Amino acid sequence: MSTENEYGGQCFCGAVAVRVVGQPAAMGYCHCSSCRQWSAGPVNAFTLWPPSAVTVTRGADQLVSYNKTENSTRKWCKQCGGHVLTEHPGFKLVDVYAAILPQLPFEPQLHVNYAETVLRMRDGLPKLKDFPAELGGSGVSVPE
Ligand SMILES: [Zn+2]
Ligand SMILES: [Zn+2]
């Protein structure tokens, strides 16, 4: 029996369901233009998990995907168009969008790709120009 935290979520229509276990490796907001154009929203609230923590528990055959770059496989439900997750193989992490996991306490730690922002969020959290150095970014902070 596992004592790990477990959180469930589903797409807009419910055809696809996911489950995550444990704690996310990181949570925050991405301001990149790719997230913006794909989501049609100003920012993406992300929760990043090791791939082994994420299971598609229903409707895996309803998930379709698109790669703009090798490091982002964006997946959505083909029934409703609802976005579910993005795999980042280069980071060895999966972003299950915060909005997909309503029971997970969302505790953002940082903002990434803030150089591309169209929505300044003055919440006192670190604002990185691109990505943290551990993930191959510059690690440089920029003003809120
Ligand atoms: Zn759906
Ligand atoms: Zn992004």
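Values quoted throughout were computed directly from the atomic coordinates according to the rules given, and no laboratory measurement underlies them. Since the model is a prediction, treat every value here as computed from it, not as a measurement. Every residue, glycine among them, receives a Cβ derived from its backbone with ideal geometry; neighbour counts consider all protein chains shown.
Across segment 82-137, the mean sequence separation of Cα contacts (distance under 8 Å, 6 or more residues apart), normalised by length, yields a relative contact order of 25 percent. For the chain, the share of DSSP beta bridges that are antiparallel, to the nearest 5, is 90%.
If you take the square roots of the eigenvalues of the alpha-carbon gyration tensor of segment 1-127 and sort them as a ≥ b ≥ c, do you get rounded (a/c under 1.5), prolate (a/b over b/c) or oblate? Oblate shape, in that a/c is at least 1.5 and b/c is the bigger or equal ratio. Taken one residue at a time, the phi angles of segment 59-70 give Karplus couplings (6.51, -1.76, 1.60, θ = phi - 60°) of x, 4, 6, 8, 7, 10, 9, 9, 10, 7, 10, 4 Hz. Gly and Pro are set to x. Taking the fewest neighbouring Cβ atoms within 10 Å as the starting point, the ordered list for W38, W49 is W38, W49. By the count of neighbouring beta-carbon atoms within 10 Å, fewest first, T3, T55 end up ordered T3, T55.
Ordered by the count of other Cβ atoms within 10 Å of each Cβ, fewest first, V64, V96, V140 give V64, V140, V96.
In the chain, Cα pairs under 8 Å separated by at least six residues give a relative contact order of 23 percent. Per-residue ellipticity at 222 nm, computed for the chain from helices alone with -39500 (n - 2.57) per DSSP H run of at least four residues, works out to -1000 deg cm²/dmol. Taking the chain as a Gaussian network of alpha-carbon nodes connected by springs under 10 Å, the highest mean-square fluctuation of the residues L101, L119, L93 belongs to L119.
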